[in-house]
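Visitor: Please read through the structure below; I'll follow up with questions.
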């Protein structure tokens with residue numbers, strides 16, 4: 001079995017694959033001051049729910065944007081899985097996808113992983129939106145080139161900043177959007193701004209990215225398909241006019257593809 005781990009600033013997403021089949025996946029809070037022993041206890045508890053043993057794991061591939069997590073997971077793999085993990089770096093996946101960033105090393109591993117998975121599935125030009133700590137937009141050409149993208153503050157960051165900097169505004173839960181864009185009380189007004197506002201941001205950014213992709217003579221592109229992933233993707237997709245597909249397992253699938261190609 002293959003263990004794939006994506007370490008984000010807010011959450012760690014883990015998945016276990018048996019061949020191409022995703023047996024189980026989990027989303028847990030990112031803890032920067034954990035230890036390998038503590039992560040082992042957590043992993044064993046999660047795995048036991050599906051009858052998975054640590055000894056069943058034959059390969060591990062990890063992407064991370066949190067440097068303090070690297071030694072923790074390295075030590076966990078070496079001590080409890082008796083192997084070294086494959087860490088995804090932009091340089092290691094250039095044979096799978098050309099990265100047309102000015103400095104490819106600057107691209108977050110999760111963005112490259114998402115791009116590889118999306119292109120592998122759809123084989124066409126794409127805009128991939130990941131709703132994480134930051135909301136990222138990544139453009140992929142028809143030939144499978146990573147073109148670049150955009151980064152904006154994530155929905156939860158925006159919500160926390162509003163709550164912390166505006167003392168009279170209450171904290172709100174972002175589970176359900178309000179029925180109307182025009183809020184009739186403070187709670188619904190905040191929800192509208194955060195949810196409908198981010199949906200409008202998505203639609204506006206998608207329109208501008210598509211226009212730029214079409215206008216660039218150096219880019220071979222058809223009409224880009226818009227894919228969304230990340231924890232809040234289903235919520236915003238219901239409010240957006242441009243998101244066509246929500247794929248919650250996109251990052252895990254990308255890690256599986258990379259593991260198969262590089263191991």
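Visitor: Given the structure, is residue 149 modelled with pLDDT of 95 or more, touching a helix residue (DSSP H, G or I) at 6+ places or on another chain (Cβ under 8 Å) and surrounded by fewer than 23 Cβ atoms within 10 Å (Cβ to Cβ)?
Guide: Taking the combined requirement at face value, the residue satisfies it.
Visitor: For residue 172, only one of the following conditions fails: (1) crowded, with 17+ Cβ neighbours inside 10 Å; (2) in contact with a strand residue (DSSP E or B) (Cβ under 7 Å, 6 or more places away or on another chain). What is its number?
Guide: Evaluating residue 172 over (1) crowded, with 17+ Cβ neighbours inside 10 Å; (2) in contact with a strand residue (DSSP E or B) (Cβ under 7 Å, 6 or more places away or on another chain) leaves (2) as the failure.
Visitor: Among the helices (runs of 4 or more DSSP H) confined wholly to the range 173-255, which include 1 or more residues that are more than 21 Å from the chain's Cα centre (by Cα) and under 22 Å from residue 127 (Cα atoms)?
Guide: By residue number, 197-215.
Visitor: Additional query: Can you confirm whether residue 162 is part of a helix (DSSP H, G or I) and either in the same structural domain as residue 242 (by TED's automatic domain parsing) or closer than 18 Å to residue 207 by Cα (or both)?
Guide: Criteria met by residue 162.
Visitor: Further question on the same structure: What are the residues in the range 18-37 that are in contact (Cβ under 8 Å) with a residue 12 or more places away in the chain and closer than 21 Å to residue 2 by Cβ, if any?
Guide: 18, 20, 22, 23, 24, 25, 26, 27, 28, 36
Visitor: Also: Please enumerate the residues belonging to the range 53-64 that are assigned to a loop (DSSP other than H, G, I, E, B) and over 29 Å from residue 115 (Cβ atoms).
Guide: Result: 53, single match.
Visitor: Follow-up question, since we're still on this one. If I go through the range 27-44 residue by residue, how many of them are crowded, with 16+ Cβ neighbours inside 10 Å and outside any loop (DSSP other than H, G, I, E, B)?
Guide: The number of residues fulfilling the criteria is 5.
Visitor: Given the criteria within 30 Å of residue 174 (Cα to Cα) and in contact with a strand residue (DSSP E or B) (Cβ under 6 Å, 6 or more places away or on another chain), does residue 230 qualify? Step through it out loud before you land on a result.
Guide: Working: within 30 Å of residue 174 (Cα to Cα): yes; in contact with a strand residue (DSSP E or B) (Cβ under 6 Å, 6 or more places away or on another chain): yes.
Considered against the rule, which asks whether it is within 30 Å of residue 174 (Cα to Cα) and in contact with a strand residue (DSSP E or B) (Cβ under 6 Å, 6 or more places away or on another chain), residue 230 comes out as yes.
Visitor: Restricting the range 45-75 to residues that are closer than 19 Å to residue 134 by Cα and surrounded by fewer than 20 Cβ atoms within 10 Å (Cβ to Cβ), which is nearest to the chain's Cα centre (by Cα)?
Guide: 65
Visitor: Here's something else I'd like to know. Against the conditions (1) in the same structural domain as residue 125 (by TED's automatic domain parsing); (2) touching a helix residue (DSSP H, G or I) at 6+ places or on another chain (Cβ under 7 Å); (3) farther than 21 Å from residue 259 by Cβ, where does residue 104 fall short? Just the number, please.
Guide: Residue 104 satisfies every listed condition except (3).
Visitor: Being at pLDDT below 90 and part of a helix (DSSP H, G or I) is the filter here; which residues of the range 71-103 pass it?
Guide: Passing the criteria: 90, 91, 92, 93.
The values are calculated or read from the model by the stated rules, or taken from the named source; none is laboratory data. This one's a predicted model, so the numbers in the text were calculated from it and none came from an experiment. Glycine gets a Cβ as well: all are built from the backbone with ideal geometry, and neighbour counts include every protein chain shown.
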